[in-house]
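Every read-out reported here was derived from the displayed coordinates using simple, explicitly stated rules and does not represent laboratory data. These figures come from a predicted structure and were not determined experimentally. For neighbour counting, all protein chains shown are included, and Cβ atoms are generated from backbone atoms with ideal geometry for every residue, glycine included.
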Amino acid sequence: MRLFIGLEIPPAVKEKIWDFVLPLQKSPKGWERPNDYHQTLLFIGETDAAELDGISERFSRLAVDPFELETSGFRFFGRRIMYLGLAPSADLLRLKDLVHGAFPEKIDPHAKPFTPHITVKRWQRYEYDDLEAGVTTRAFAPLRFSVTGIALFKSEKDPEGNKYHVIQRSGR
């Protein structure tokens, strides 16, 4: 199974993101479903069942001090991925470092710099101009939400088309 550790996005925030991007959708291709919105802190990758207990046990020891995050507008990674940025947060960076410290063997030394974000669309190269115009000509008010814990996610598509499923939570 494919695992990662991340933040769940509150349902009210997911709904506001979806309501904003819905008018931009000319085809269903590449759009993340609201259920799948999240912020990744550490990609663990392919994991066999024998490893899961150890990962789960280390994950359960992670304590999260609550803090607030705020969205910072829609942007793009190149012309391929559209995302909703998260405002700079020392608390989020500390949390990421805490998670990485618990799983040092899972750190990719070649990983790109950490850019806090919620992916909303993938593979839209041919739609880029319309999407870019759509997010720059319409206002999206910043959304503020509380972070009270982290989640261990499994990546596996279900019959409804959702890809990411929480298998464990950790908080204060």
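Neighbours of Leu69, meaning other residues whose beta-carbon lies under 10 angstrom from its beta-carbon, give a summed charge of -2 when Lys and Arg score +1 and Asp and Glu score -1. Given a cut-off of 22 Å, name the pairs among Lys26/Lys154; Lys14/Lys157; Lys96/Lys154; Lys16/Lys121 whose C-alpha atoms lie farther apart than that in the structure shown. Where the Cα-Cα span goes over 22 Å, the pairs concerned are Lys26/Lys154. Rounded to the nearest 20, the size of the Cβ-charge dipole of the stretch 2-171 about its Cα centre is 480 debye, with Lys and Arg at +1 and Asp and Glu at -1.
Under 1.5 on a/c is rounded, so check that first for the stretch 4-105, then, if it is not, pick prolate when a/b is larger than b/c and oblate when it is not; a ≥ b ≥ c are the square roots of the alpha carbon gyration tensor eigenvalues. Verdict is prolate for the stretch 4-105.
Here the calculated FRET efficiency for Met1 and Phe140, from their Cβ-Cβ distance with R0 = 41 Å, stands at 0.75, rounded to the nearest 0.05.
Extending 7 Å from Cα along the Cβ direction at Ala50 and again at Arg79 yields two label points whose distance is 4.7 nm.
When you filter the trypsin sites (Lys or Arg not before Pro) in the stretch 18-71 for DSSP loop state and at most 15 other Cβ atoms inside 10 Å of their Cβ, you are left with Lys26, Lys29, Arg61. The Cα atoms of the stretch 112-172 give a gyration tensor whose axes a ≥ b ≥ c have a/c of 1.5 or more with a/b no greater than b/c, which makes the shape oblate. Computed from the C-beta positions of Asp129 and Ala87, the FRET efficiency with R₀ = 30 Å rounds to 0.65. The stretch 69-103 and the stretch 9-60 have their alpha-carbon centroids 13 Å apart. Taking Cβ atoms as reference points and 14 Å as the exclusive limit, the residues near Gly54 contribute a net charge of -2, counting Lys and Arg as +1 and Asp and Glu as -1. The mean sequence separation of alpha-carbon pairs under 8 Å and at least six residues apart, normalised by the residue count of the chain, gives a relative contact order of 35 percent. Here the gap between Leu98 and Arg122, fully extended at 0.36 nm per residue and compared with their Cα-Cα distance, gives a gain of 5.8 nm. Spacing of the modelled spin labels on Asp158 and Ser27, each 7 Å from Cα toward Cβ, amounts to 2.8 nm.
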